[in-house]
Amino acid sequence: MSRFVTHQPAAQPIIQLRQISKAFGNNVILDQVDLDIYPGEALVIIGPSGTGKSTILRIIAGLLAPDSGTVYIQGQQRQGLIEDQADPITISMVFQQAALFDSLTVTENVGFRLFEHSTLSPQDIQTLVDERLEMVGLSGVGDRYPAALSGGMRKRVSFARAIIADPSNPQSNPKVILYDEPTAGLDPIASTVIEDLVRDLQNADGICGTYVMVSHQDSTIRRTADRIIFLYGGKVQWEGRVEEIDTTDNPLVRQFFSASTTGPIRVVH
């Protein structure tokens, strides 16, 4: 029996993608993709490398514009990018390489948005940073620089940065967290720490319970997903619950999880 809570989707999606297409040059990455994301669910997008998984995360985040199609956030159509017009909810993103500022301390990295865009005092921001660092198991490292941290610790710092919010501005509290390959490059033990943290944050009081993740890692997919989307050839080829991984007869899913070089997924040499 899993110790994790399974979040049941609500009736209305919090994010909707409709007929989303994106190409880079002549390479079509996404081809009229539809996707619904529900409050309280753990959605993991999987598929071979180069099939648009990170691209779709950046479109959801408002960092990349689709060539065509529409993005709805809480029923409102997004116009342009996030820098052009704020979404009705806050969406945070944890990047694959953590994307920390090397010249800033951990405290300055985690509290960066508050230092730059809030009226909170430095002491209040420090308190909030310390609380978030404790949540991700990194108490006492605020004065260190990213170069002094392990890969897994840097990932956790980026988690703390993603979940920090201005208590005087409820709108700043993230309602959705996007994780781009959070366990990439980590050893199995460090990966388990991150997988547990993702679920712990989902179930923590005051932290949003909705996330979308991209991952290649078998253990990460199995331990962090409630629902899975398989993306290949620019389209959603399969959708199912995590427990269906081993029972589906979909040849793409079976080849992916068996790591076989034989099957419908083209092998790039």
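Using a Förster radius of 35 Å, what is the FRET efficiency between GLN171 and SER219 based on their Cβ-Cβ separation? Nearest 0.05, please. Efficiency, rounded to the nearest 0.05: 0.50. Sequence-distant contacts, meaning Cα pairs under 8 Å at least 6 residues apart, place the relative contact order of region 1-148 at 18 percent.
To two decimal places, what compactness ratio does region 15-258 give when its Cα radius of gyration is scaled by 2.2 N^0.38 Å? Normalised Cα radius of gyration, region 15-258: 1.01. Farthest towards the positive end of the charge dipole of the chain, among the residues ILE125, THR192, SER215, is the Cα of SER215, using unit charges on the Cβ of Lys, Arg, Asp and Glu. I want to make sure I understand the PRE zone here: with the label point 7 angstrom from the Cα of LEU81 toward its beta carbon, which residues in region 39-71 have backbone N atoms less than 20 Å away? Label zone hits: 52-71.
Compute the FRET efficiency between GLN12 and ASP200 as 1/(1 + (r/R0)^6), taking r as their Cβ-Cβ distance and R0 = 30 Å, and round to the nearest 0.05. Approximately 0.70, to the nearest 0.05. Stretching the chain fully between GLU134 and ASP34 yields a gain of 32.2 nm (0.36 nm per residue, less the alpha carbon separation).
If you rank SER121, SER260, SER54 by fewest surrounding Cβ atoms within 10 Å, what's the result?
Values: SER121 9, SER260 12, SER54 19.
The order, fewest Cβ neighbours first, is SER121, SER260, SER54.
Rounded to the nearest 10 degrees, the inclination of helix 122-135 to the longest alpha-carbon principal axis of the chain is 40 degrees. Available extension along the chain between SER68 and GLN97 is 7.6 nm, counting 0.36 nm per residue and deducting the alpha carbon span. Over region 1-136, the ratio between the Cα radius of gyration and 2.2 N^0.38 Å evaluates to 1.25. Here the contact order of the chain, divided by its residue count and restricted to Cα pairs under 8 Å and six or more residues apart, works out to 23 percent. Any number yet on Rg/Rh for region 124-232, C-alpha, Kirkwood? For region 124-232, the value is 0.97. Seen against the Cα atoms of the chain and their longest principal axis, helix 151-163 is set at about 80 degrees.
Read the figures in this text as sums done on the coordinates, not as results from a lab. What you see is a predicted model, and the numbers here were worked out from it, not measured in a lab. Note that each Cβ is placed from the backbone with ideal geometry, even for glycine, and that neighbours are counted across all protein chains shown.
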